[in-house]
Amino acid sequence: MSSGLSERDALSINMTTEVTATAWDSRLKTYASLKIQEVEKFTVVVITDNYYDSLSPDVHFARRYRTSPEASIHAEHGISFYVETTVDNRTYGMMFDFGLDPVGVIRNMELLNVDLSRTSAFALSHGHFDHWGSLVKILKHNKSKIKKNTPLYIGEETFLNRFSIRPSDNVPTDIGRLKKEEIEELDIVKIVEIQNPTEVIPGVYLTGNIDRVTEYEKGSPNLLIKRGDKLEQDFFQGEQAVICNVKNKGLAVIAGCAHAGIINTVKHAQKITGEKVHVVIGGFHLINAVPEIIEGTLADMEAIGPDYIIPAHCTGFEATTLFAQVMPEKFILNTAGTRYVFAG
Ligand SMILES: [Fe+2]
């Protein structure tokens, strides 16, 4: 709770006017220089993730999706969230990241009752295919439901071609690029690129470009970006995470992949809001990380002291089990299809 209004004033929060909901437009200016908007309720639906277990117990605020004949959740190497806020007894929805396989993700959306007619915004964490792979087909499939020109928020360099040097491989593999022209041809959403913290639906913010403050979260030399003719290490300068301030609880921080470093991401969320952290959810990208990075992350996460920690997606088995061992009271095992409800 360190910062006051003057620090927040200096944030130059990017209050875009592209949000379509009329009631919301009138709120934008109101919050431009105030503390981050609190929400009465924040719901996070994990549409897809790397792991699914129908028998995982419900714990705390987590409700699992139970399979039934011909109705199972699809898991994959990808992640996708639907989030919903309740502010002044009104609800607002947003989809954050879109998973990989459109058949599985669209099926999961149906099973989980994710209705895009209630969605006021879309947002993408970064330009890797396990986050945007299903995007175009989701938009096409839901064209009649999505309000025209609903914003799709992205960060810098989202559309550049990415490469990866995979384990046991020496040469970079082309892992593709999200094609801006394909999205524009659909004529459904309006692409909005941001660099600064931005409120995207009432009570839900994107981080803007994330400050790098830790010594050990330096990215991976195996992840590359093509700028012109050059392949360079990708530092994901435009990567975005989601922040929501739940009344009487604190911040919920959702990371897509946390290539910026999950500690950098959470510290950035704290810096721009001045709030304590209630829960951290998402991909922490600790798969294949050297022990020093995992140890540093665990130590710093303990120091930050969220009430709950929910590693998912690219966190990797080793780091996930270490979180479970080191902070067992805080740890929640994610499984695709889980609905988390945080209420003040
Ligand atoms: Fe990822």
| query | Between I165 and R90, what FRET efficiency comes out of the Förster formula 1/(1 + (r/R0)^6) with R0 = 35 Å and r the beta carbon distance, rounded to 0.05? | reply | 0.15
| message | Neighbour counts of other C-beta atoms within 10 Å: give me C244, C314 arranged from fewest to most. | response | C314, C244
| query | G344: net charge of surrounding residues, Cβ under 11 Å, Lys/Arg +1, Asp/Glu -1, itself excluded? | reply | +1
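Okay, helix-only estimate at 222 nm for the chain: each DSSP H run of n ≥ 4 adds -39500 (n - 2.57), divide by all residues, round to 500 deg cm²/dmol; what do you get?
Calculated at 222 nm, the ellipticity per residue is -6000 deg cm²/dmol.
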| task | Would you mind pulling out the separation of the Cα centroids of the stretch 210-282 and the stretch 52-121, in Å? | result | 22
| message | Can you tell me the convex hull volume per residue for the chain, based on C-alpha atoms, in Å³ to the nearest whole number? | response | 135
| query | Over the chain, what is the mean sequence separation of C-alpha contacts under 8 Å (at least six apart), divided by residue count, expressed as relative contact order in percent? | reply | 21
| In the stretch 90-109, which residues have a backbone nitrogen under 16 Å from the label point lying 7 Å from S54's Cα in the Cα-to-Cβ direction? | 108
| Going highest first, how would you order 301-309, 315-323 by mean Cβ packing within 10 Å? | 315-323, 301-309
| Burial order of peptide ranges 265-277, 328-340 (average beta-carbon count within 10 Å, highest first) | 265-277, 328-340
| remark: Highest mean packing first, using Cβ neighbours within 10 angstrom, the peptides 126-135, 233-242 sort as 126-135, 233-242
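Averaged over all directions, how much area does the convex hull of the C-alpha atoms of the stretch 97-163 cover when projected, in nm²?
Here the figure is 4.6 nm², rounded to one decimal.
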| Do you know the relative contact order of the stretch 85-132, to the nearest whole percent, from alpha carbon pairs under 8 angstrom that are 6+ apart? | 50
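Only the coordinates and a few stated rules stand behind these numbers; no lab work does. In this text the structure is predicted, and so the values were computed from the model without any measurement. Positions of Cβ are generated from backbone atoms using ideal geometry, with glycine treated the same way; all protein chains shown enter the neighbour counts.
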